[in-house]
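To start, the structure under review is shown below, and the notes come after it.
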């Protein structure tokens, strides 16, 4: 009887080993190839949903290199502050969609907003929220004004493109950086691209549209972030920063008068158009891993 049991046991072990061997041999064939994020992003950038005018700005804004530097991947939850008309939204949202990610567009509150702001919010919703097959899970939220850009501790990355000068002018920069900190997960990334004032002798109040790198770093550190890296991806050495109407003299604004909408048809734009878009800092900050204390317990 004992010998029979040993025979059954031996047969069972042999069968198990055979199955394991088959699975081991089959595993390489069944395992799905890891997605090529670079190829996915390149496909989005080449997509028909982007107008030729918007695609032409890639030469100055370097979206593939910039988003890669910030570590953005499909499947993440990403916040873009003040996305405006959505130049970057058209790129980031479809890229996140490929991995079922979430995109928060953190803008103005509709409560008590001007007709212009209401129209802008409505246009953004129609362009992006109403097209989930293209843009995926896009959610409109509020930056400042008592709102939340995203649930606390929920976002992998928060981004701001050319907005800090506006926040300085409003006296809101410190509060907004703190909102970024609160919305990000421990270990989350804050990415900042901004017109760079360094070595230009410009005021520090954002009135020229240019901002000093050390001021941005101070704002981020004051909110609790660690400075991680800087990149020259969006640098433009042609930008002398001494333009008659600030950074808005350059493309894409191309202002030719002090007041927007009152352009001077005699203004010679050639030299400013030859510069292209502004010289920009590209900075990466990170919320400390143990920022909420929970991971230390």
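Some notes on this structure:
- Nearest 10 degrees, 0 to 90: helix 213-223 Cα axis against the chain principal axis: 50
- Solution diffusion estimate, µm²/s, Stokes-Einstein, the chain, Kirkwood Rh from C-alpha pairs, 10 °C, viscosity 1.306 mPa s: 73
- Computed Rg/Rh of the stretch 150-297, alpha carbon atoms with Kirkwood Rh: 1.06
- Nitroxide proxy distance, nm - points 7 Å out along Cα→Cβ at residue 116 and residue 200: 2.2
- Whole-number D in µm²/s for the stretch 121-222 (Stokes-Einstein; Kirkwood sum over Cα pairs; 4 °C, 1.567 mPa s): 86
- Among 249, 213, sorting on how many other beta-carbon atoms sit within 10 Å of each Cβ, with the fewest leading, yields 213, 249.
- Relative packing of 139-148, 97-106, which averages over residues the other C-beta atoms within 10 Å, highest first: 97-106, 139-148
- Counting neighbouring Cβ atoms within 10 Å and putting the fewest first, the residues 125, 241 line up as 125, 241.
- Listed residues 230, 51, 81, most fluctuating in the chain (Gaussian network, C-alpha, under 10 Å): 51
- Label-to-label distance, nm, for residues given as residue 152 and residue 290 (7 Å Cα→Cβ offset): 2.1
- Calculated FRET value between residue 240 and residue 56, using beta carbons and R₀ = 25 Å, to 0.05: 0.65
- Difference of contour (0.36 nm per residue) and Cα-Cα distance, residue 271 to residue 178: 29.6 nm
- Burial ordering of 227, 177, fewest other beta-carbon atoms within 10 Å first: 227, 177
Every number in this text was worked out from the coordinates using simple rules, so none of it is lab data. Quick caveat, the model's predicted, so the values are computed rather than measured. Virtual Cβ from ideal backbone geometry, glycine too; neighbours counted across all protein chains shown.
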